[in-house]
Structures are given as C-alpha cells and as structure tokens.
C-alpha cells in the first residue's frame with residue numbers, strides 16, 4: 001500500500017488547504033478524479049517528492065517517504081518514481097532516443113518503448129520538431145525508461161486522438177502488468193484506464209483566501 005495522510009496549504013494565486021487521508025494499492029492503477037483546482041497535481045507532486053507536505057506522513061509499503069513530526073523527507077531520486085508532467089518537461093537539446101537513453105542503457109528496451117509509442121521513425125528528432133501528441137507520448141515513454149516502481153501521470157492523454165489513445169492505453173496496461181508498476185493517474189476523463197483502475201475522488205479542499 002501507498003499510505004498517505006497529509007495536509008498542505010498553498011498560496012496565491014489559488015489558496016487552499018489540501019487534506020488527504022487514503023491508501024493506494026501497489027501493482028495497481030488508481031485514477032484520481034475531481035474538479036479543477038482541488039489539488040490533484042499538488043498531490044502527485046507531494047507523492048513524488050517535488051513538494052513537501054506541511055504535516056502528516058507518506059509511506060510506500062514498509063518505506064517512510066515523509067514524516068512531518070520527525071522532519072524526515074526521502075529524496076526524489078530515492079523514491080524510484082516516474083512522473084509524466086502536464087507540460088511534458090522535455091529536454092530541448094535531446095533527441096527522442098536520447099530522452100529514453102537518459103533513463104536506460106538497454107537498447108532493446110528503448111526500441112520496445114519507441115514501438116509502443118508509435119514513434120520509431122522519430123527517434124532522431126528534437127522536441128521542437130514533434131507535434132503535441134508526439135511530445136506527450138515521448139513524455140510517457142521517458143518516464144517508463146527507468147522502469148519505475150511507481151508511475152505518476154498528470155493528464156497524460158489529452159493531446160491524443162481517440163484511436164491512438166485506445167491503442168496506447170492497451171499497450172501501457174500490458175506493460176504495467178508485466179513490470180508490476182503502481183500507477184496513479186490524474187484525469188478528467190472517466191473512461192481512461194477505467195476498466196483497469198481504482199478511483200479516488202479528491203474533494204477534501206477548504207478555501208483559505
């Protein structure tokens with residue numbers, strides 16, 4: 001289980017207090033739903049370690065990742081987490097293949113990921129030469145390159161057409177199963193990974209200003 005019991009107060013431009021007390025199953029997919037502005041992205045970033053909660057605890061299995069009382073904070077790189085950002089956060093000076101080789105030296109796995117994302121022919125292109133959908137697929141593949149134990153995905157399919165999204169989700173589901181990846185997915189689409197996922201509805205937010 002990933003066990004989360006935290007509180008976080010954010011500042012302007014959107015000020016709110018986020019309170020989460022829940023558990024996510026390991027080796028499973030959980031989709032976080034809820035209206036815009038309730039803190040879904042903030043929650044993902046706290047799980048990854050990019051943002052510190054104000055108080056509470058975060059545990060993954062037997063590992064403590066955050067303990068507010070003890071002032072303990074496990075470093076991002078020690079959590080073995082992959083993160084797919086909404087804005088992709090690609091490296092402008094790296095080709096598609098270099099993005100993947102940044103996470104793995106296994107050329108066979110790099111080729112497998114390129115095929116999974118249907119971007120084999122784009123391996124030598126830089127992000128500026130990619131469409132939005134191609135950049136989004138690259139962001140997903142880069143996060144998978146390290147074979148993370150936990151994959152956090154923030155609106156990862158918004159730039160994809162319906163047919164491509166269906167194919168990609170089917171392949172990703174198989175990969176998650178084979179690698180026993182725990183996935184936490186933020187999405188406004190109820191159908192994304194719906195038949196494979198648990199659902200956590202985030203609504204415990206109190207406005208503070």
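The values are calculated or read from the model by the stated rules, or taken from the named source; none is laboratory data. The model shown is predicted, which means the values in this text are computed figures rather than measured ones. For neighbour counting, all protein chains shown are included, and Cβ atoms are generated from backbone atoms with ideal geometry for every residue, glycine included.
Residues of the range 18-27 that are surrounded by 18 or more Cβ atoms within 10 Å (Cβ to Cβ) and either within 16 Å of the chain's Cα centre (by Cα) or closer than 12 Å to residue 185 by Cα (or both): 24 alone. In the set (1) surrounded by fewer than 16 Cβ atoms within 10 Å (Cβ to Cβ); (2) in contact with a helix residue (DSSP H, G or I) (Cβ under 8 Å, 6 or more places away or on another chain), the condition left unmet by residue 157 is number (1). Would you confirm whether or not the range 125-133 contains a residue that is surrounded by fewer than 16 Cβ atoms within 10 Å (Cβ to Cβ), at pLDDT 95 or above, in contact with a helix residue (DSSP H, G or I) (Cβ under 7 Å, 6 or more places away or on another chain) and in a loop (DSSP other than H, G, I, E, B)? Within the range 125-133, one or more residues are surrounded by fewer than 16 Cβ atoms within 10 Å (Cβ to Cβ), at pLDDT 95 or above, in contact with a helix residue (DSSP H, G or I) (Cβ under 7 Å, 6 or more places away or on another chain) and in a loop (DSSP other than H, G, I, E, B).
State yes or no: is residue 38 surrounded by 18 or more Cβ atoms within 10 Å (Cβ to Cβ) and either outside any loop (DSSP other than H, G, I, E, B) or at pLDDT 90 or above (or both)? For residue 38, the condition - surrounded by 18 or more Cβ atoms within 10 Å (Cβ to Cβ) and either outside any loop (DSSP other than H, G, I, E, B) or at pLDDT 90 or above (or both) - is not met.
Rundown of residues vs (1) at pLDDT 95 or above; (2) farther than 20 Å from residue 22 by Cβ, yes/no style:
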site: 114; (1), (2): yes, yes
site: 122; (1), (2): yes, yes
site: 152; (1), (2): yes, no
site: 182; (1), (2): yes, no
site: 198; (1), (2): no, no
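Tell me whether the range 55-70 contains one or more residues that are within 14 Å of the chain's Cα centre (by Cα), surrounded by fewer than 15 Cβ atoms within 10 Å (Cβ to Cβ) and outside any loop (DSSP other than H, G, I, E, B). No: the range 55-70 contains no residue that is within 14 Å of the chain's Cα centre (by Cα), surrounded by fewer than 15 Cβ atoms within 10 Å (Cβ to Cβ) and outside any loop (DSSP other than H, G, I, E, B). Each residue in the range 74-110 was checked for being over 18 Å from the mean Cα position of the chain (by Cα), assigned to a helix (DSSP H, G or I), touching a residue at least 12 places away in the same chain (Cβ under 8 Å) and farther than 13 Å from residue 123 by Cα, and 1 pass.
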